[in-house]
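Contents: one structure, followed by commentary.
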Amino acid sequence: MAGRINDEDVKAVRDAVPIDAVVSEYLQLRNAGGGNLKGLCPFHDEKSPSFHVSPSKGLYHCFGCQEGGDTLDFVMKVDHLSFSEAVERLAATAGITLRYEEGGYGRASQQGERTRLVEAHKVAAQFYVEQMSGPEAEIGRRFLTERGFDQDAAHHFGIGYAPAGWDHLTRFLRGKGFSDKEMILSGLAQEARNGRPIDRFRGRLMWPIRDITGEVVGFGARKLRDDDNGPKYLNTPETPIYKKSQVLYGIDLAKKDIAKGNRAVVVEGYTDVMACHLAGVTTAVATSGTAFGEGHIKILRRLLMDNSQSEVVFTFDGDAAGQKAALRAFEDDQKFAARTSIAITPGGMDPCDLRLAEGDEAVAKVVESRSPLFEFAIRTFVDQHNLDTAEGRSAALEQAAPIVAQIKDVSIQHEYAVRLAGLLGILDTQFVVRRVSQLARWARERGNTPPRGQAPAHATGAGRPAPLAAAPQQGPALNLRSPAHRVERELLKLALQRPELVSPAFDAYGADEFTGPPYAVVRQAIEAAGGATGGESDSGYLARVREAAPDDSVRTLVTELAVEPLRSARGRDPDEVYAGMQLVAVRLAAVNARIADLESAARRLEAQRDHEQSASVRQQIWTLQQYGRALRERGAAAL
């Protein structure tokens, strides 16, 4: 029974492998000053780098999630390894032979499970490459040649061949000291009916799938013969070292150029990655048997130092399946700070076919002729409707406007709103621009986008805002530059510090009149404490409001609002006039928002020719408009 690793060897490993060399295998590092480096943390999602590495001290620390430690700690955390497995990995990198002491951890072998599985894949990859030169692999060599890949290309990507027999690899691995359990656990073998392991891959062309550090963790196997009843591509199943949602094929070859050029190109298959790299697009990567998703995004974000200067280009065939894949990619756009673009290959050809038909320059040209993914998505949704009818234009607007509202850059968002109006043939361009701005405002202030064709309610009846049953207790950080949020904050400060100035009108306000989610919760806490009217001469008023807060964060906000100076003009003490201005501003904003909601609803009803309901909605709009005019003309007296 093998034991623990010798302490002197552990120290030698720590000293031999620079921490910045290890960390840079997983993320892009830049100068942070003082001899330190920084990058996007691999342990939590962030948009600005708070992960710092000190090469001189051999330590890392993230000021965002508080993870930190030395080189071994980093490897253990990032790859979910045990201490011994982390030491073994770094020892292999440094060429250090480890000594084990008896009576330690009581392992079944001197190497950890992950280390053994990785080693098995390394041996298997070499075995497959050696088989590639044999007579049986002629069909595989011909497959590559027909697609424009020569022997050098096959060698560069480590392509091999799995013999057609039942247990060629299994017997080879067993001869190298690997157990049946390890072969099955690695996914290289599978159990036969008699319980014995047999090769998982037989008679196929083999692509080694490597993780970001360059270690082989799985394989993609291409069918070559008609009598093979399996799928066209057969991939390694999920194993302790292979998670298809967390691996990108070609990332080991592309990572340096991705970091250097601030661009990643995402293609759909192994041969597409090969074609792109050979054509000079050396930032190409692909998923392995699964759709592009969250795990893949995290890999690219760390390499790109995700910011508005970086770019992710998706390439898809121009057919229906390619369009569907592109729209799936669009759904993840907001998870990137980077710009996202789409490159459509002509004639339904993938990059491999395009290179074969038109050469390397054609592949590079497709990538360079990319267009913004937003533009592609907008056109796709608009094309689904009959724009010759008013109903079709209205429906297309309601589906496409939320997409435009998602664009982060306000100036680009405005430009796309104008472009959308043109695509739809709507003459009133400003109507489309306002609709997009309205949806963008909802997304900013409420933390989400309302369902297409549906608006949140702010007021009911004769123009008096109605309270919500429950206001959200969490939300995005408040935008203090927003006039709406500033006036809401000021009104809450008055309700807490000078309740006599806003009572009893304040107590008639609903929580939904406060568009900042934390402010809405404070409004509810005031109501639960008896309202501002009850606090006019009650020394325990603030204590009751703090006790009514649902959690410590809201309690802290109540305290902050209770002590923050009021913004009354020229340093004068606030008076009833000033308080009335805040009350009117908050109520008027709620009324205007509700009018906008109802106007949109009325237009949709009119487009559907539901005149009875649209007339009812128009009556509500008229009532609210009269109430809004009274607020503007009479101020607090109209409340």
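The figures follow:
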{"item": "Segment Lys232-Asn31, extension gain: residue separation times 0.36 nm, minus the distance between their alpha carbons", "result": "67.8 nm"}
{"item": "Nearest-20 debye value, the chain charge dipole, Cβ charges on Lys, Arg, Asp, Glu", "result": "700"}
{"item": "Cα gyration tensor shape for region 111-187, rounded if a/c is under 1.5, else prolate or oblate", "result": "prolate"}
{"item": "Angle between the chain longest axis and helix 552-563 axis [Cα atoms, degrees, rounded to 10]", "result": "40"}
{"item": "Percent antiparallel among DSSP beta bridges (both partners in the chain, rounded to 5)", "result": "70"}
{"item": "Amide H contacts under 5 Å for Ile342, placed H, 5+ residues apart", "result": "Phe314, Ser371, Leu373"}
{"item": "Sum of side-chain charges, Val436 neighbourhood, beta-carbon under 12 Å (Lys, Arg +1; Asp, Glu -1)", "result": "+2"}
{"item": "Options Tyr416, Gly293, Gln384, ranked by Cα towards positive dipole end of the chain, top entry (Cβ charges)", "result": "Tyr416"}
{"item": "Charge dipole (the chain, unit charges on Cβ, about Cα centre) - positive-most of Gly148, Leu583, Ser24", "result": "Leu583"}
{"item": "Residue-by-residue Karplus 3J(HN,Hα) for region 623-639, coefficients 6.51, -1.76, 1.60, Hz, glycine and proline x", "result": "4, 5, 4, 5, 5, x, 5, 5, 4, 5, 7, 9, x, 4, 5, 8, 5"}
{"item": "Taking the C-alpha atoms of region 340-440, convex hull volume expressed per residue in Å³", "result": "106"}
{"item": "Note, ³J(HN,Hα) from phi for region 375-380, Karplus 6.51, -1.76, 1.60, rounded to Hz, x at Gly and Pro", "result": "4, 4, 5, 4, 4, 4"}
{"item": "Tail weight of P(r) past 36 Å, computed on alpha-carbon pairs of the chain, percent", "result": "56"}
{"item": "HN-Hα J in Hz across region 169-179 - Karplus 6.51, -1.76, 1.60, θ = phi - 60°, x for Gly and Pro", "result": "5, 4, 5, 5, 5, 4, x, 8, x, 8, 7"}
{"item": "Pairs from Lys260/Lys298; Lys232/Lys298; Lys47/Lys493; Lys38/Lys256 whose Cα-Cα separation, in the structure shown, is over 22 Å", "result": "Lys232/Lys298; Lys47/Lys493"}
{"item": "Computed FRET value (nearest 0.05) for Lys176 with His80, which takes r as the C-beta separation and R₀ as 25 Å", "result": "0.45"}
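A short reminder: the numbers here are calculations on the coordinates, not readings from a lab. Owing to the predicted nature of the structure, the values given are computational and were not obtained by experimental measurement. Counting neighbours? That spans all protein chains shown, and the Cβs are built from the backbone with ideal geometry, glycine included.
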